[in-house]
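The values are calculated or read from the model by the stated rules, or taken from the named source; none is laboratory data. Since the structure is predicted, the reported quantities are computational estimates derived from the model, not experimental observations. Cβ placement follows ideal geometry from the backbone for every residue including glycine, while neighbour counts extend to all protein chains displayed. When the accessible area is computed, the model is the full protein with side chains, heavy atoms only, and any ligands, DNA or RNA have been set aside. Shrake-Rupley method; radii C 1.70, N 1.55, O 1.52, S 1.80 Å.
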Amino acid sequence: MSDPIEIDEQDKESLREMLRGSGYADKAIDYYMERKNMGVLEGADQVSELTGHCGDTMKVYLKVKDGRVEELRYQVLGCPGAIASAMAAVELVRGKTLEEAKKLKDADIFREIEDLPDQKQHCIRLSIKALQKVIDEYSGNNGGNS
Ligand code: FES
């Protein structure tokens, strides 16, 4: 399904400027704008949803093969920090064992996206908690083998 909102190049550049001005690194902005790991994952083995204290919600789709994260997708109703963090989390855990994926740290994501405004640090936490939740629920439904 194509994105119903077309953003032209000029709008994209001005959005980038706004994000840079509020403290997002270029890498974080790329993750936010490209959204490569966003959306529904057909045939997911587990789907879990988590809402943070801020009210933003993440739905996570997990596909597992041989005890490893075969594929992961997030749907995010949230801020640029939430989207950038979730997209980066996927890149960091794809191919990892479930146990390794559950150990993903805020600092790992922060390193990957390079910078976020200070008041957006909790968005990283939400992406990690949503990831841990989908893994826990998958493990609970599949005999606890995470
Ligand atoms: Fe809620 Fe960013 S403000 S996750």
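Conditions (1) in contact with an Asp or Glu (Cβ under 8 Å, 6 or more places away or on another chain); (2) more than 14 Å from residue 120 (Cβ to Cβ), marked per residue:
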{"site": "7", "(1), (2)": "no, yes"}
{"site": "25", "(1), (2)": "yes, no"}
{"site": "58", "(1), (2)": "yes, yes"}
{"site": "72", "(1), (2)": "no, yes"}
{"site": "80", "(1), (2)": "no, no"}
{"site": "85", "(1), (2)": "no, no"}
{"site": "103", "(1), (2)": "no, yes"}
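Sort out which residues of the stretch 112-140 are within 11 Å of residue 50 (Cα to Cα) and of a type in the set (Val, Ile, Thr), and write them in order of number.
In the first step, residues of the stretch 112-140 are kept if they are within 11 Å of residue 50 (Cα to Cα); the result is 126-134.
Those that are within 11 Å of residue 50 (Cα to Cα) and of a type in the set (Val, Ile, Thr): 128, 134.
When only residues in the stretch 33-89 that are of a type in the set (Lys, Arg) and more than 21 Å from residue 19 (Cα to Cα) count, which is nearest to the chain's Cα centre (by Cα)?
First pass over the stretch 33-89, keeping only residues of a type in the set (Lys, Arg): 35-36, 59, 63, 65, 68, 73.
Restricting the remaining residues to those that are more than 21 Å from residue 19 (Cα to Cα) gives 59, 63, 65, 68, 73.
On the way: 59: 9, 63: 15, 65: 20, 68: 17, 73: 7 Å.
Ranking the qualifying residues of the stretch 33-89, first place goes to 73.
Among the residues of the stretch 49-78, count how many are within 16 Å of the ligand (Cβ to nearest atom) and of a type outside the set (Val, Ile, Thr).
Taking the stretch 49-78 and keeping what is within 16 Å of the ligand (Cβ to nearest atom), we get 49-60, 74-78.
Still in the running and of a type outside the set (Val, Ile, Thr): 49-50, 52-56, 58-59, 74-75, 77-78.
Count: 13.
In this structure, does residue 81 turn out to be among the small types (Gly, Ala, Ser) and either touching a residue at least 24 places away in the same chain (Cβ under 8 Å) or more than 16 Å from the ligand (Cβ to nearest atom) (or both)? Break it down stepwise before answering.
Numbers: among the small types (Gly, Ala, Ser): yes; either touching a residue at least 24 places away in the same chain (Cβ under 8 Å) or more than 16 Å from the ligand (Cβ to nearest atom) (or both): yes.
The answer is yes for residue 81.
Restricting attention to the stretch 51-66, report how many residues are in contact with a helix residue (DSSP H, G or I) (Cβ under 9 Å, 6 or more places away or on another chain), open to solvent by 40 Å² or more (accessible area, probe 1.4 Å) and of a type outside the set (A, V, I, L, M, F, W, C).
Selection size over the stretch 51-66: 3.
Would you mind telling me which numbered condition in (1) assigned to a helix (DSSP H, G or I); (2) under 15 Å from residue 25 (Cβ atoms); (3) open to solvent by 60 Å² or more (accessible area, probe 1.4 Å) residue 115 fails?
For residue 115, the exception is condition (1).
Checking the conditions here, which among 11, 45 is open to solvent by 20 Å² or more (accessible area, probe 1.4 Å) and farther than 26 Å from residue 138 by Cα? Steps first, answer last, please.
Working: 45 fails: farther than 26 Å from residue 138 by Cα.
Residue meeting the stated conditions: 11.
Answer yes or no as to whether residue 92 is without any contact (Cβ under 8 Å) to a residue 40 or more places away in the chain and of a type outside the set (Val, Ile, Thr). Show your work before the answer.
On the way: without any contact (Cβ under 8 Å) to a residue 40 or more places away in the chain: yes; of a type outside the set (Val, Ile, Thr): yes.
Yes: the conditions hold for residue 92.
With the requirement that a residue be open to solvent by 50 Å² or more (accessible area, probe 1.4 Å) and either within 10 Å of the ligand (Cβ to nearest atom) or of a type in the set (Asp, Glu) (or both), what does the stretch 121-137 give you?
If the condition is that a residue be open to solvent by 50 Å² or more (accessible area, probe 1.4 Å) and either within 10 Å of the ligand (Cβ to nearest atom) or of a type in the set (Asp, Glu) (or both), then 121, 122, 125, 136, 137 are the ones that fit.
Tell me, please, whether a residue that is within 13 Å of the ligand (Cβ to nearest atom), modelled with pLDDT of 95 or more and crowded, with 20+ Cβ neighbours inside 10 Å can be found in the stretch 93-100. Before the answer, list the steps.
Residues of the stretch 93-100 that are within 13 Å of the ligand (Cβ to nearest atom), as a first pass: none.
No, there is no match, as no residue in the stretch 93-100 is within 13 Å of the ligand (Cβ to nearest atom), modelled with pLDDT of 95 or more and crowded, with 20+ Cβ neighbours inside 10 Å.
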